[in-house]
Amino acid sequence: MELTQIGFAVRTARQAARMSATELASAVALTPAALSKIETGRQNLDFKTAISIAHALKISLDHLAVLAEKVSDASMESGNVRREFASRLKSLEQSAIKTALSVMHEPSPDADRSAQ
């Protein structure tokens, strides 16, 4: 599990509990900046802090872990969609390039008339 997944799970649980970042940070003796770093995956979440956060949000660590797993599944799905979109876009680009090249290499109707 990545830090960003855990952080997103913390943010999701905080928002579901209708707590502001400042309120949660205060409840677990963190600065709002430190909580922000945790929620964005820029700072590791130690076990003691994870327990404090879960307690303040009135959820279990298991619930937090499940949220993080759901984030993982969603990001994998999202990654698959992005890869598929990029692949289709590349196909379209190649098709458009081929069409443009074929049009550029076709003699124009005006060229045929001027040759007569």
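The values are calculated or read from the model by the stated rules, or taken from the named source; none is laboratory data. Keep in mind that this is a model prediction, so the values were computed, not measured. No Cβ is skipped: glycine too gets one built from the backbone with ideal geometry, and neighbour counts run over all protein chains shown.
The residue that is modelled with the lowest pLDDT, counting only those in the range 23-77 that are part of a helix (DSSP H, G or I), over 13 Å from ARG11 (Cα atoms) and among the β-branched types (Val, Ile, Thr), is VAL66. Filtering the range 1-13 to residues that are surrounded by fewer than 21 Cβ atoms within 10 Å (Cβ to Cβ) and either closer than 16 Å to HIS55 by Cβ or out of contact with any helix residue (DSSP H, G or I) (no Cβ under 6 Å at 6 or more places or on another chain) (or both) leaves GLU2, LEU3, THR4. Among the residues of the range 10-27, just one is among the β-branched types (Val, Ile, Thr) and more than 23 Å from GLU69 (Cα to Cα), namely THR22.
For the range 1-22, a residue qualifies if it is at negative phi, among the charged types (D, E, K, R) and in a loop (DSSP other than H, G, I, E, B), and exactly one does: GLU2.
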